[in-house]
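Visitor: Sharing a structure here in structure tokens format.
The values are calculated or read from the model by the stated rules, or taken from the named source; none is laboratory data. Keep in mind that what you see is a predicted model, and the values were worked out from it rather than measured. Glycine gets a Cβ as well: all are built from the backbone with ideal geometry, and neighbour counts include every protein chain shown. Accessible surface areas use protein heavy atoms only, side chains included; no ligands, DNA or RNA. Shrake-Rupley method; radii C 1.70, N 1.55, O 1.52, S 1.80 Å.
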Amino acid sequence: EVQLVESGGGLVQPGGSLRLSCATSGFTLSNYWMSWVRQAPGKGLEWVAGIKPDGSETYFVDSLKGRFSLSRDNAKNSLYLQMNSLRAEDTAVYYCARDWGLGGFDPWGQGTLVTVSS
Amino acid sequence: QSVLTQPPSVSGAPGQRVTIACTGSSSNIGAGRDVQWYQQLPGTAPKLLIYANNNRPSGVPDRFSGSKSGTSASLAITGLQAEDEADYYCQSFDSSLSAHVFGTGTKVTVL
């Protein structure tokens, strides 16, 4: 069974940093693009970032470029989202998802909540 | 700021048919980009419902169908059931933004 499990969320002060992890199982991670999608409380979905199967290239939504970085360790079946200079508007549930390119995201993890507040 | 627009809500009685529109532009749906649809039940992660405009993943009931025309797409739910009460999102790729984009989301209520 394909599974994605996010961790690392929590409460962080404005300007702080947080590293999210996504542990995968049930498939060969090195064969797939992966993405992060976030959802602010009571709001819609927003694609955040994506990474190539070999980790050689990453892509971000314009508003986050420079503050977030994305990496992966295929040997450890894991994906990482490093978030710096966090702002209140970054408060959201962050989901990792297997990225089928132009064919959508499937499956999704259960999400991890990031709260940016003083 | 979503570039794909959906109605905030639609409703229907059990057994009825409802449709959800997703309106894009020439840089996403109108550029020939495929459209996906996701179902998000309360308190859970989104689930892929339709991919590449009109294809259902294994396990998705055939009550759900998708279509695309011009700069818009739509999701139809026939034989509406109480368990279909959820939020639904369309998604595509925007060439101008070089980013995956989601619709504004539609809440389906079963009366």
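Visitor: Computed over the Cα atoms of chain A, what is the ratio Rg over Rh, Rh following Kirkwood?
Guide: Working: Rg = 13.3 Å, Rh = 14.1 Å.
Using Cα coordinates only, the ratio equals 0.94.
Visitor: If you don't mind, another one. Over the heavy atoms of B:Arg56, what accessible area does a 1.4 Å probe trace out, to the nearest 10 Å²?
Guide: Taking all protein chains as shown, B:Arg56 has close to 100 Å².
Visitor: A further question on this structure: Report the per residue volume, in Å³, of the convex hull enclosing the C-alpha atoms of chain B.
Guide: Taking only Cα atoms, chain B has a hull volume of 92 Å³ per residue.
Visitor: Right, next: Relative contact order, percent, of chain A when contacts are C-alpha pairs under 8 Å separated by at least 6 residues?
Guide: 36
Visitor: Checking the table A:Lys43/B:Lys68; B:Lys47/B:Lys107; A:Lys43/B:Lys47 against a 19 Å threshold on Cα-Cα, which pairs fail? Write out the running numbers ahead of the final one.
Guide: Details: A:Lys43/B:Lys68 25 Å; B:Lys47/B:Lys107 15 Å; A:Lys43/B:Lys47 17 Å.
Beyond 19 Å between Cα atoms: A:Lys43/B:Lys68.
Visitor: In whole percent, how big is the carbon plus sulfur part of the accessible area of segment A:32-118, probe 1.4 Å, protein atoms only?
Guide: With neighbouring chains kept in place, the figure for segment A:32-118 is 49 percent.
Visitor: Do you know the relative contact order of segment A:1-70, to the nearest whole percent, from alpha carbon pairs under 8 angstrom that are 6+ apart? It would help to have the intermediate numbers written out before the result.
Guide: On the way: 84 pairs, mean separation 14.8, N = 70.
Relative contact order of segment A:1-70: 21 percent.
Visitor: Taking only C-alpha pairs under 8 Å that are 6+ residues apart, what is the relative contact order of chain B in percent? It would help to have the intermediate numbers written out before the result.
Guide: Working: 280 pairs, mean separation 42.2, N = 111.
Over chain B, the number comes to 38 percent.
Visitor: When 1/r is averaged over all different Cα pairs and the result inverted, which Kirkwood radius in Å belongs to segment A:57-118? Walk me through the intermediate numbers first.
Guide: Details: mean 1/r = 0.0754 Å⁻¹.
The answer is 13.3 Å.
Visitor: Looking at chain A, which longest stretch skips every one of the GluC sites (Glu not before Pro) that is in a DSSP loop with at most 12 other Cβ atoms within 10 Å, leaving the sites themselves out?
Guide: So the longest stretch without any such site is A:58-118.
Visitor: Same structure, new question: Other chains' Cβ within 10 Å of B:41-47 residues: what's the mean?
Guide: On the way: counts 0, 0, 0, 3, 13, 10, 4.
Counting other chains' Cβ atoms within 10 Å and averaging over B:41-47 gives 4.
Visitor: Over the protein assembly as shown, give the accessible area per residue in Å² for a 1.4 Å probe, as an integer.
Guide: 45
Visitor: Related question: Compute the convex hull volume of the Cα atoms of the protein assembly as shown, divide it by the residue count, and report the result per residue in Å³ as a whole number.
Guide: 114
Visitor: Report the accessible surface area buried between chains B and A, summing both sides, using a 1.4 Å probe on protein heavy atoms only, in Å² rounded to the nearest 100.
Guide: Looking at B and A, the buried total is near 1500 Å².
Visitor: Sticking with this one: Could the peptides A:23-30, B:84-91 be put in order, highest first, of the mean number of other beta-carbon atoms found within 10 Å of their residues?
Guide: The most tightly packed comes first, giving B:84-91, A:23-30.
Visitor: Give the distance, in whole Å, between the Cα centre of segment B:36-111 and the Cα centre of segment A:12-46.
Guide: A separation of 21 Å, based on Cα centres.
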